[in-house]
Amino acid sequence: MARLNVNPTRMELSKLKKKLSSARRGHKLLKDKRDELMRQFMILIKENRQLRTEVEKAINEANRYMAVAGSVMQKEVLETALMLPKQEVELDVSEKNVMSVYIPEFKTKFRTDDTNDIYSYGMAFTSIDLDGAVSALSAVFPKMIRLAEIEKACQLMADEIEKTRRRVNALEHIMIPDYEETIKFITMKLSENERSTTTSLMKVKDMVLKQSHNYH
Amino acid sequence: MYKAAVIGDSASISGFAALGLSVFRETEPEKITKLISRLAANDFAVIYITEPAAALVSDTIAKYRNSKLPSIVLIPAIEGNTGDGMRALHEAVEKAVGSDILN
């Protein structure tokens with residue numbers, strides 16, 4: 001490890017000691033933060049995975065209905081049937097603070113409360129498979145919103161965990177050892193200075209005694 | 001008030017129109033890129049995009065990965081699942097933990 005480029009003085013020594021103690025405290029706090037983030041992340045990611053499997057399965061199911069509807073009906077008729085939706089989704093976004101990561105929370109609001117408003121077309125000229133596709137999608141929609149929420153949360157938390165881990169590592173493997181080594185260096189240098197002062201004093205004392213009293 | 005959008009080819013996403021989501025039928029990379037930035041600037045909190053469409057604009061999607069909104073979610077297209085959505089999940093785990101421990 002590299003020693004910091006400082007003057008070996010008592011002033012610097014006490015400054016460095018203060019820095020070292022706050023670095024140690026910071027390291028401990030960040031490590032705790034990392035561990036807690038990781039714990040929450042693991043819970044979220046498991047839910048995320050399960051939710052994604054469910055949503056993908058449901059959408060595939062709806063797509064299968066859609067494919068059948070598309071083959072039974074003319075493309076134009078199908079497009080027209082879905083052209084003017086009666087229903088409209090609006091989202092209310094709030095945020096939740098998880099270990100200082102702000103993750104979004106979505107709440108859905110529908111324009112009309114009638115659940116049958118998802119069928120924006122008359123039943124006469126459309127295939128029954130279209131109804132199946134639309135109702136399958138409508139059934140999975142709450143899960144899709146939750147998936148959007150949780151997937152964003154996982155991405156944001158993964159990013160924060162990576163950042164925190166870097167900080168912990170930088171403190172643990174670079175800053176703290178650097179401080180320790182510099183402190184050791186200054187302590188050594190100071191005590192060396194002290195010893196050298198003592199010996200030169202002894203020498204001077206000897207010389208003075210010798211001069212004044214003729215001692216050997 | 002925020003809104004939700006769906007991007008992809010017509011056959012895969014038409015059904016979402018009935019639910020009241022804003023549907024954008026785009027299949028060209030440049031147009032999707034422009035569309036995503038326009039939606040992000042215009043109060044769209046959630047953007048669902050089909051996996052084939054997302055594969056064309058992966059850079060743009062990566063750009064929004066660490067911003068709070070919008071949340072861009074990959075969904076399977078009518079041709080079936082490519083597994084890209086699940087792969088993104090595994091990437092997040094790898095980023096956070098250091099290795100992919102989901103199995």
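Farthest towards the positive end of the charge dipole of chain A, among the residues A:Ser135, A:Leu44, A:Leu30, is the Cα of A:Leu30, using unit charges on the Cβ of Lys, Arg, Asp and Glu.
Over the whole of A:90-102, what's the average partner chain Cβ count within 10 Å per residue? Rounded to a whole number, please. It would help to have the intermediate numbers written out before the result.
Numbers: counts 7, 8, 3, 9, 0, 2, 0, 0, 0, 0, 0, 1, 1.
Whole-number average of other-chain Cβ neighbours for A:90-102 is 2.
Helix B:84-97 and the longest principal axis of the C-alpha atoms of chain B enclose an angle of approximately 40°. Using the Karplus relation 6.51 cos²θ - 1.76 cosθ + 1.60 with θ = phi - 60°, the per-residue 3J(HN,Hα) values for the stretch A:18-35 come to 4, 4, 4, 5, 6, 5, 5, 5, x, 4, 5, 4, 5, 5, 4, 4, 4, 4 Hz, with x marking Gly and Pro. Scalar couplings 3J(HN,Hα) for the stretch A:80-91, obtained by applying the Karplus form with A = 6.51, B = -1.76, C = 1.60 to θ = phi - 60°, are 4, 4, 9, 6, 10, x, 7, 8, 9, 9, 10, 10 Hz; x denotes Gly and Pro.
Evaluated with a Cβ-only charge set (Lys, Arg +1; Asp, Glu -1), the protein assembly as shown carries a dipole of roughly 2740 debye about its Cα centre, given to the nearest 20.
Which of the three applies to the stretch B:1-76, rounded, prolate or oblate, going by the alpha-carbon gyration tensor with a ≥ b ≥ c and a/c under 1.5 meaning rounded? It is oblate, given that a/c is not under 1.5 and a/b is not larger than b/c.
Taking amide H atoms as placed 1.01 Å from N in the peptide plane, the amide H of B:Ser71 lies under 5 Å from those of B:Val46, B:Ile47, each 5 or more residues away in sequence or on another chain. 3J(HN,Hα) along the stretch A:153-167, derived from phi through the Karplus expression 6.51 cos²θ - 1.76 cosθ + 1.60 where θ = phi - 60°, amounts to 4, 5, 5, 5, 6, 4, 5, 5, 5, 4, 4, 4, 4, 4, 5 Hz, with x in place of Gly and Pro.
Give the order of B:Thr33, A:Thr197, B:Thr27 when sorted by the count of other beta carbons within 10 angstrom, beginning with the fewest.
Values: B:Thr33 17, A:Thr197 10, B:Thr27 14.
The most exposed by this proxy come first: A:Thr197, B:Thr27, B:Thr33.
Note on B:69-82: average number of Cβ atoms from other chains within 10 Å of each residue's Cβ is 6. Convex hull volume of the Cα atoms of the stretch A:41-156, normalised per residue: 105 Å³.
For each pair in A:Lys19/A:Lys189; A:Lys19/B:Lys63; A:Lys17/B:Lys95; A:Lys57/B:Lys3; A:Lys57/A:Lys152; A:Lys18/A:Lys203, compute the distance between the two Cα atoms and list the pairs where it is over 31 Å. Kindly include the intermediate steps, with their values, before the conclusion.
Working: A:Lys19/A:Lys189 19 Å; A:Lys19/B:Lys63 37 Å; A:Lys17/B:Lys95 35 Å; A:Lys57/B:Lys3 24 Å; A:Lys57/A:Lys152 20 Å; A:Lys18/A:Lys203 37 Å.
Pairs exceeding 31 Å: A:Lys19/B:Lys63; A:Lys17/B:Lys95; A:Lys18/A:Lys203.
All of the numbers you see were taken from the coordinates with simple rules; none came from a lab. Since we're looking at a predicted model, the values are computed, not measured. Counting neighbours? That spans all protein chains shown, and the Cβs are built from the backbone with ideal geometry, glycine included.
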